[in-house]
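Before any comments, here is the structure.
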Amino acid sequence: MTFRFHQPNLDKHGVSVGEVEECLSDPLRLIRAVGGVYIMIAATATGRILEIAFKREKDGAVFVFHGMNARDHQRRHYKRRGK
């Protein structure tokens, strides 16, 4: 699977591509679809909980266009799921 990243947005929020990749492999990740956009709440290997937004492109690639620290309510929801 091919991934593309909107690096300016990730940089703006201090999120690395490596952290996004860690979140994608988080077995407790939460993913919600809104139209053609997916919102994921997941943790990095160091425990940082992030909100990641991505969509499928016509060529089948996954375009990650947003990443930032999860909001308080998203962190609570993620932590409840892990129990």
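FYI, it's all coordinate maths here, none of it is from the lab. Predicted model only: the values in this text are computed from it and were never measured. Heads up, the Cβs are rebuilt from the backbone with ideal geometry, glycines too, and the neighbour counts pull from every protein chain shown.
Screening F63 with (1) within 18 Å of M1 (Cα to Cα); (2) in a strand (DSSP E or B); (3) in contact with a helix residue (DSSP H, G or I) (Cβ under 9 Å, 6 or more places away or on another chain) gives one miss only, at (3). Among the numbered conditions (1) within 15 Å of N9 (Cβ to Cβ); (2) of a type outside the set (D, E); (3) in contact with a Gly (Cβ under 7 Å, 6 or more places away or on another chain), the only one that L28 does not meet is (1).
In this structure, M40 qualifies as under 21 Å from P8 (Cβ atoms), free of Cβ contacts under 8 Å to residues at least 40 places away in the same chain and hydrophobic (A, V, I, L, M, F, W, C).
Residue by residue, here is whether (1) outside any loop (DSSP other than H, G, I, E, B); (2) of a type outside the set (A, V, I, L, M); (3) within 11 Å of the chain's Cα centre (by Cα) holds:
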position	(1), (2), (3)
V20	yes, no, yes
P27	no, yes, no
F54	yes, yes, yes
Q74	yes, yes, no
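For the range 65-73, the count of residues that are polar (S, T, N, Q) and either free of Cβ contacts under 8 Å to residues at least 40 places away in the same chain or exposed (fewer than 13 other Cβ atoms within 10 Å of the Cβ) (or both) is zero.
Within the range 38-61, the set of residues being crowded, with 17+ Cβ neighbours inside 10 Å and of a type in the set (A, V, I, L, M) comprises M40, I41, A42, A43, I49, L50, I52, A53.
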